[in-house]
Structure formats: structure tokens, C-alpha cells
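Encoded as C-alpha cells, the structure appears first; notes follow it.
Readers should treat all values here as calculations from the given coordinates under stated rules, not as data from a laboratory. As the structure is a computational prediction, the values presented were derived from the model and not from experiment. For neighbour counting, all protein chains shown are included, and Cβ atoms are generated from backbone atoms with ideal geometry for every residue, glycine included.
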Amino acid sequence: MGATAVLVPERELDFQRDVIDRIRSARLAGSTHFMIVVAEGVGSAVEIGKQIHEAIGIEPRVTVLGHIQRGGAPNARDRETATRMGYFAVRAMIEGRSNCIIGTRGGDMVETPIEEALQMKKHLQMERYQVLETVSVTTPYIQPPVVGT
């Protein structure tokens with residue numbers, strides 16, 4: 001089952017439209033379980049759960065995932081990348097460079113001063129978000145036409 005709603009800081013939150021209306025549409029379509037994904041930067045998942053309860057009386061179970069749960073098990077590529085990053089970090093220290101981070105860009109290891117790295121923002125690819133929203137399990141409920149009277 002997919003998410004009923006995905007809340008991200010890159011999109012202004014309209015609680016009624018983005019959460020309550022989607023839950024109601026899903027209920028009308030026969031769903032009895034709802035998943036609301038709350039990205040970091042949107043607000044407190046616990047507070048959003050309280051708002052859901054106040055608005056429609058559903059008592060949500062809020063789960064806050066930790067870094068391990070979000071990351072999943074590393075695959076071979078993850079392990080190889082981590083090993084390379086460690087190697088480059090140690091090499092930078094041996095060569096007298098500090099206050100930097102090691103990352104990847106286009107498959108290559110890159111060294112970035114920490115001050116510059118702290119100013120970087122990772123942007124959400126809105127096209128991916130729109131695809132996710134479009135193929136959501138809970139498409140808006142469409143009233144069937146009345147046939148005959």
C-alpha cells in the first residue's frame with residue numbers, strides 16, 4: 001500500500017487539502033488504513049497526528065523513523081562508496097587538510113570545505129514528487145454520474 005499523502009517542505013502545506021481531504025477520499029474509496037509521510041522540515045509528525053485526530057476523529061499511530069530504519073541495509077555499491085570516502089578522508093588528513101567533507105559528484109570523490117558544504121541545499125526534484133502524488137493509492141474520489149431518475 002502506498003502513502004495517502006506525502007508532506008514535503010518544498011510544497012506549501014494546505015492541511016485540509018493535503019491530509020484531511022485525501023484521507024476522506026481514501027475512506028470513500030474503501031480504504032481503512034492511511035499512511036501520511038512527513039518529511040523533515042515540514043513539522044512534527046506527532047503534531048500532525050494530533051491535528052488529524054482533532055479534524056476527523058481518527059487516532060493515528062505516529063512512527064518516527066531513525067537513520068538506520070530510513071537507510072536500509074547497505075548494498076555492495078554503498079560499501080564500496082563508503083570505503084572510498086574513508087580512504088579520501090584519511091588521505092586529506094594525512095596531507096594536512098581539515099575542516100572539509102568528502103562526497104561524491106558524478107561518481108568521483110570530491111572534497112568540499114565544511115563552510116561551503118553547510119551552505120548547500122539539496123533540492124527536491126518536483127517532477128518525482130508530482131509522479132508520486134499522481135500515482136498515489138488514494139486518488140481523489142470522483143462521484144459517479146447519476147444514471148436515470
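Miscellaneous remarks
- Distant alpha-carbon pairs in the chain (separation over 21 angstrom), percent: 62
- Proximity of backbone amide H atoms, modeled 1.01 Å from N, is registered between Ile101 and Thr112, Ile114 at under 5 Å, excluding neighbours fewer than 5 places apart on the same chain.
- The chain: calculated mean residue ellipticity at 222 nm from DSSP helix runs of at least 4, using -39500 (n - 2.57): -11500 deg cm²/dmol
- Of the DSSP H helices in the chain, those whose Cα atoms cover at least 20 Å axially and whose Kyte score averages -1.0 or more: 76-94
- Net charge of Cβ neighbours under 12 Å - reference Ser31; Lys, Arg +1; Asp, Glu -1: +3
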